[in-house]
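Everything on this sheet refers to the single structure shown next.
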Amino acid sequence: MASKSNAAVAEARKIDIGITEKDRKAIAEGLSHLLADTYTLYLKTHNYHWNVTGPMFNSLHLMFETQYNELALAVDEIAERIRTLGYPAPGSYKQYAKLSSIKESDTVPEAKDMIADLVAGQEAVVKTARKLFPAVDKANDEPTADLLTQRMQVHEKAAWMMRSLLQ
């Protein structure tokens, strides 16, 4: 009886969701880049929230807070999707620095430069998500496609709204 139980446990540990291991790995790697971009943008947005000054202080302070709170929830969703696919989610600054297409900001720019920098960051996340679609489509991975679509909509809208402040 113990061998049946062990066999059942071993079988239950295998991931059998209709996506090959090779495809799951490729998608998880792409999601790791998306996670790194999202987390880096979160840090940058939070930094700018703390340090913004000038005549647009109140509106930018509140906007940046709304955005970093949304990004904090997003990193959890992305990391959990990576785990669902059977791979560890990156979680260190070192890993994020290596994986992210967004560069950290180690200065405190003027408010309009913060906005422009965050527009570029929002658009970078969209491009990272978009690059993942061929692998996701090939594997018929609709949950990841849904996640990517939702993330792209959020980031495109945020970029549009901030870009409007620069006109």
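Set the Förster distance to 41 Å, then compute FRET efficiency between residue 59 and residue 20 from the Cβ-Cβ distance, nearest 0.05.
With R0 = 41 Å, the Cβ-Cβ based efficiency is 0.25.
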**Item:** Over 30 Å between alpha carbons, listed pairs 25/103; 25/112; 14/103
**Value:** 25/112; 14/103
**Item:** region 23-165 - percent relative contact order, Cα under 8 Å, separation 6 or more
**Value:** 34
**Fill in**
To the nearest 20 debye, region 1-157 has a Cα-centred charge dipole, built from +1 on Lys and Arg Cβ and -1 on Asp and Glu Cβ, of 540
**Request:** Check the straight Cα-Cα distances from residue 157 and name the lysines below 16 Å, setting aside those fewer than 8 residues away within the same chain.
**Result:** 127
**Request:** Please work out the C-alpha center-to-center distance from region 140-155 to region 15-32 and express it in whole Å.
**Result:** 15
**Item:** Ranked 32, 105, criterion: other C-beta atoms within 10 Å, fewest first
**Value:** 105, 32
**Item:** Ellipticity estimate at 222 nm from DSSP helix runs (n ≥ 4, -39,500 (n - 2.57)) divided over the chain, nearest 500
**Value:** -27000 deg cm²/dmol
**Complete:** Here region 115-125 yields Karplus 3J(HN,Hα) values (6.51, -1.76, 1.60; θ = phi - 60°; whole Hz; Gly and Pro given as x) of 4, 4, 5, 6, 4, 4, x, 4, 5, 5, 5
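We did not get these values from a lab; they are worked out from the coordinates using the rules stated. These numbers were taken from a predicted model, which means no experiment stands behind them. Heads up, the Cβs are rebuilt from the backbone with ideal geometry, glycines too, and the neighbour counts pull from every protein chain shown.
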